[in-house]
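The values are calculated or read from the model by the stated rules, or taken from the named source; none is laboratory data. For clarity, every value in this text was computed on a predicted model and none was experimentally measured. Here Cβ is always computed from backbone atoms with ideal geometry, including for glycine, and neighbour counts include all displayed protein chains. Remember, those area values only see protein heavy atoms, side chains included, never the ligands or the DNA or RNA. Shrake-Rupley method; radii C 1.70, N 1.55, O 1.52, S 1.80 Å.
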Amino acid sequence: MRSKELPVDRVALGDVTLDPVAVLAQAAYLQLGLFTALTTASAAAPDLNSKGALAAATGHLLAKHRSLVAALERRGVDASEAMRPFAESADRYFEITAGTTWYESLTSNYLVGGLLDDFFARLVASFEPDGSDLERVLRGPRGVEEITGILEQAIAADPRLGSRLALWGRRIVGDTLLIARSALPETVRTDAGEARVEPILTELMAEHTRRMDRLGLTA
């Protein structure tokens, strides 16, 4: 059963001044990275059913990327140039979380994609004039059913795979939180600032645990 979305925590971010262009650009590039990773996984799928399911899932990620790019263009900026400063760190992040097996790659896309969508949905919600629309985009479909269907079937056939993926899920969450925190202003990335956003990070971890639980993994 799909876990319920937690309510958006607007209070904790209410007094944080964000640069909409920077946030949207980073979110757009991360969606592009998720799309690229899942496209690679689709091409490497061991059977036609998995290949077709993942190909369909990539469409959701590309749609999110395009929506965020359109939001940047509405703000009068060149989306490619706006995304450029985030490319190096994001590419390094996706290398770290790519995994060494096909199933680890799928698990990464499912877990980190969900965490990043949750986080950036909270950030963009207050942007004028399209924050609500952007929030809905980031909380929209991203191929969860397709990915989890493949993983659930594989774990059921090989319980040892579940143990390995549980370890992998715990390993990648730290790097994902780091890339998420990098979207916050430097004034927030301090000990005092961390305390202000701790409720959001706690909710993100709770959702991460629910995603792990959905696969029968232990977060």
Before we move on, is E152 more than 14 Å from the chain's Cα centre (by Cα) and without any contact (Cβ under 8 Å) to a residue 12 or more places away in the chain?
-> no
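Of these, L123, L61, L116, L106, which one is touching a Phe, Trp or Tyr at 6+ places or on another chain (Cβ under 9 Å) and not hydroxyl-bearing (S, T, Y)? Step through it out loud before you land on a result.
On the way: L123 fails: touching a Phe, Trp or Tyr at 6+ places or on another chain (Cβ under 9 Å); L116 fails: touching a Phe, Trp or Tyr at 6+ places or on another chain (Cβ under 9 Å); L106 fails: touching a Phe, Trp or Tyr at 6+ places or on another chain (Cβ under 9 Å).
Residue meeting the stated conditions: L61.
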Within the range 89-105, the residues that are part of a loop (DSSP other than H, G, I, E, B), open to solvent by 10 Å² or more (accessible area, probe 1.4 Å) and of a type outside the set (A, V, I, L, M) are G99, T100, T101
Would you confirm whether any residue within the range 135-142 is surrounded by fewer than 19 Cβ atoms within 10 Å (Cβ to Cβ) and out of contact with any His (no Cβ under 8 Å at 6 or more places or on another chain)?
-> yes
For the range 153-162, what are the residues that are exposed (fewer than 13 other Cβ atoms within 10 Å of the Cβ) and either acidic (D, E) or under 15 Å from R211 (Cα atoms) (or both)?
-> D158
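Just to be sure before I move on: is F86 farther than 28 Å from R214 by Cβ, out of contact with any strand residue (DSSP E or B) (no Cβ under 9 Å at 6 or more places or on another chain), modelled with pLDDT of 95 or more and surrounded by 16 or more Cβ atoms within 10 Å (Cβ to Cβ) in the structure I sent? Please lay out each step first, then the result.
Working: farther than 28 Å from R214 by Cβ: yes; out of contact with any strand residue (DSSP E or B) (no Cβ under 9 Å at 6 or more places or on another chain): yes; modelled with pLDDT of 95 or more: yes; surrounded by 16 or more Cβ atoms within 10 Å (Cβ to Cβ): yes.
Taking the combined requirement at face value, the residue satisfies it.
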Within the group R139, R170, R196, R164, which residue is of a type in the set (K, R) and under 14 Å from the mean Cα position of the chain (by Cα)?
-> R139
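Residue-by-condition table, conditions (1) touching a Ser or Thr at 6+ places or on another chain (Cβ under 6 Å); (2) of a type in the set (G, A, S); (3) open to solvent by less than 20 Å² (accessible area, probe 1.4 Å); (4) outside any helix (DSSP H, G or I):
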position: T107; (1), (2), (3), (4): no, no, yes, no
position: L116; (1), (2), (3), (4): no, no, yes, no
position: F120; (1), (2), (3), (4): no, no, yes, no
position: S126; (1), (2), (3), (4): no, yes, no, yes
position: E145; (1), (2), (3), (4): no, no, no, no
position: L151; (1), (2), (3), (4): no, no, yes, no
position: I179; (1), (2), (3), (4): no, no, yes, no
Of the residues in the range 66-83 that are basic (K, R) and in contact (Cβ under 8 Å) with a residue 40 or more places away in the chain, the one that is surrounded by the fewest Cβ atoms within 10 Å (Cβ to Cβ) is R74
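How many residues does the range 40-58 hold that are small (G, A, S) and touching a residue at least 24 places away in the same chain (Cβ under 8 Å)? Steps first, answer last, please.
Initially, the range 40-58 is screened for residues small (G, A, S), giving 41-45, 50, 52-53, 55-57.
Now narrow it down to the ones that are touching a residue at least 24 places away in the same chain (Cβ under 8 Å): 41, 44-45, 50, 53, 56-57.
Here the count works out to 7.
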